[in-house]
Amino acid sequence: MEIVHTPVLLNECLTLLSPEGEAFEKNALMIDSTLGEGGHTYNFLSKYKNLSVIGLDADSVIQKKAKERLSEFGDRVHFYNGWFNDFYSDYPEEYKHPDIILFDLGISVFHYEKSQRGFSFRYDEKLDMRLNSNSEKSAADLVNELPEEKLADLIYLYGEEKLSRRIAKAIVDARSGGRIESSKNLAEIIWNCVPANYRYGQIHPATRTFQALRIAVNSELKRLPKALFDAFNDLNPGGKMGVITFHSLEDRIVKNFFRNLGKQCVCPPEVAICRCGGSPCAEIITRKPVAPGDEEIKNNSPSRSAKLRVVRKIKDAGEYHLEGVIGY
């Protein structure tokens, strides 16, 4: 079986999210919210012999690979095929509550290199980008159906692309001659419409547009805030939750939510009497996000933008802890 994805910040995760105290002595439970090919889970199960894991993934194809890879651990690992926000919002009664929760919000190298769904503009593939094939809209649907203004807004909001209006206009002009169906075709449209000096920057000029389409197709930012909230409340007191982000939009959501969890009081100024309990819900373990070192970046280039944040739960959070969290 070929494994193409290298888990990022692996040693940091194994250390900062290690089972402690009572969780270390008993059979601790970890939930890998974004299982992928199972890299993080494989290493946690190998290192912590009393640990069991529930692996979640929306993509049944990559989860099948993970099942094969993790088969040596037998009944220490269980699988859930679906979106993590659905899992945490209706936590299955057959499972005990977890001691460790990990979210790795990056897209697996498998999806870029092996899925043939148009995640990468390096290949001529069908412009799909759906992690779950049951999702309603593909990237091609958005590219070919959205009005120019909405397409520009999407590229700017989710891709932070400063040339979003120019790119949206070029896409709309191109689709008047027929549907844009391939990733390579879309990348060429973007390449040809941007100024010459923009083509040879640090990243390909289509990078941010492809990111924006992927985020929109899979509702990544819309799912995240409530998923973090529900996951935190499903966690056992004393348990730890870690989140790895890869771009500023999702990191802002995680940072704001964790910051609210660590506050003494999160009531708005107009509330005269504290209604949130007046004490923090979590201990912030990583005061600053943990980033990969030079050696990891050299050996695993997709890790270069990764940031890991970790909290330890003290008590459940209230809905007010989501106030001010971008994307909610």
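Note on region 57-95: residues that are among the acidic types (Asp, Glu) and open to solvent by less than 40 Å² (accessible area, probe 1.4 Å) total 2. Look at (1) more than 30 Å from Asn185 (Cα to Cα); (2) among the β-branched types (Val, Ile, Thr); (3) assigned to a loop (DSSP other than H, G, I, E, B) and you find that Ile101 fails only one, number (3). Those helices (runs of 4 or more DSSP H) of region 2-60 in which at least 3 residues are under 19 Å from Thr286 (Cα atoms), considering only elements entirely within it, cover 10-16. Within region 22-41, the set of residues being without any contact (Cβ under 8 Å) to a residue 40 or more places away in the chain and surrounded by 22 or more Cβ atoms within 10 Å (Cβ to Cβ) comprises Gly38, Thr41.
Considering only residues in region 290-310 that are open to solvent by less than 50 Å² (accessible area, probe 1.4 Å) and not hydrophobic (A, V, I, L, M, F, W, C), the one that is nearest to Ile3 (Cα to Cα) turns out to be Asn300. Annotation note: Cβ proximity below 6 Å between a residue of region 172-185 that is within 16 Å of Phe210 (Cβ to Cβ) and assigned to a helix (DSSP H, G or I) and a residue that is open to solvent by less than 60 Å² (accessible area, probe 1.4 Å) and of a type outside the set (A, V, I, L, M) (sequence gap 6+ or interchain) occurs for Ser183/Gly118; Ser183/Phe121; Ser183/Glu125. Residue-level check: of (1) touching an Asp or Glu at 6+ places or on another chain (Cβ under 8 Å); (2) surrounded by fewer than 18 Cβ atoms within 10 Å (Cβ to Cβ); (3) closer than 30 Å to Ser89 by Cα, Lys169 misses just (3).
Scanning region 242-260 for residues that are in contact with a helix residue (DSSP H, G or I) (Cβ under 6 Å, 6 or more places away or on another chain) and within 22 Å of Gly278 (Cβ to Cβ) yields Phe257, Asn260. Candidates are the residues of region 6-21 that are hydroxyl-bearing (Ser, Thr, Tyr) and in contact (Cβ under 8 Å) with a residue 24 or more places away in the chain; the one that is least open to solvent (accessible area, probe 1.4 Å) is Ser18. Put simply, of Ala227, Ala206, Ala231, Ala187 the only residue that is within 19 Å of Val143 (Cα to Cα), open to solvent by less than 30 Å² (accessible area, probe 1.4 Å) and in contact with a helix residue (DSSP H, G or I) (Cβ under 7 Å, 6 or more places away or on another chain) is Ala206. Checked against the criteria, Ser305 does not count as farther than 20 Å from Phe110 by Cα and either within 13 Å of the chain's Cα centre (by Cα) or hydroxyl-bearing (Ser, Thr, Tyr) (or both).
Within region 63-81, the set of residues being in contact with a Leu (Cβ under 8 Å, 6 or more places away or on another chain) and assigned to a helix (DSSP H, G or I) comprises Gln63, Ala66, Phe73, Arg76. Considering region 82-91, and only residues there that are in contact (Cβ under 8 Å) with a residue 12 or more places away in the chain and part of a loop (DSSP other than H, G, I, E, B), the residue that is nearest to Val61 (Cα to Cα) turns out to be Gly82. Scanning region 201-219 for residues that are part of a loop (DSSP other than H, G, I, E, B) and under 21 Å from Ser133 (Cβ atoms) returns Asn218, Ser219.
For region 153-166, the criterion of being in a loop (DSSP other than H, G, I, E, B), open to solvent by less than 30 Å² (accessible area, probe 1.4 Å) and either under 27 Å from Pro302 (Cα atoms) or out of contact with any Leu (no Cβ under 8 Å at 6 or more places or on another chain) (or both) is met by at least one residue. Restricting to region 253-288, what's the tally of residues that are in contact with a Ser or Thr (Cβ under 9 Å, 6 or more places away or on another chain) and open to solvent by 50 Å² or more (accessible area, probe 1.4 Å)? Going through region 253-288 one residue at a time, the tally reaches 3.
The values are calculated or read from the model by the stated rules, or taken from the named source; none is laboratory data. These numbers were taken from a predicted model, which means no experiment stands behind them. In this analysis, Cβ positions are derived from the backbone assuming ideal geometry, glycine residues included, and neighbour counts consider all displayed protein chains. Accessible surface is based on the protein model in full, side chains and every heavy atom, while ligands, DNA and RNA are left aside. Shrake-Rupley method; radii C 1.70, N 1.55, O 1.52, S 1.80 Å.
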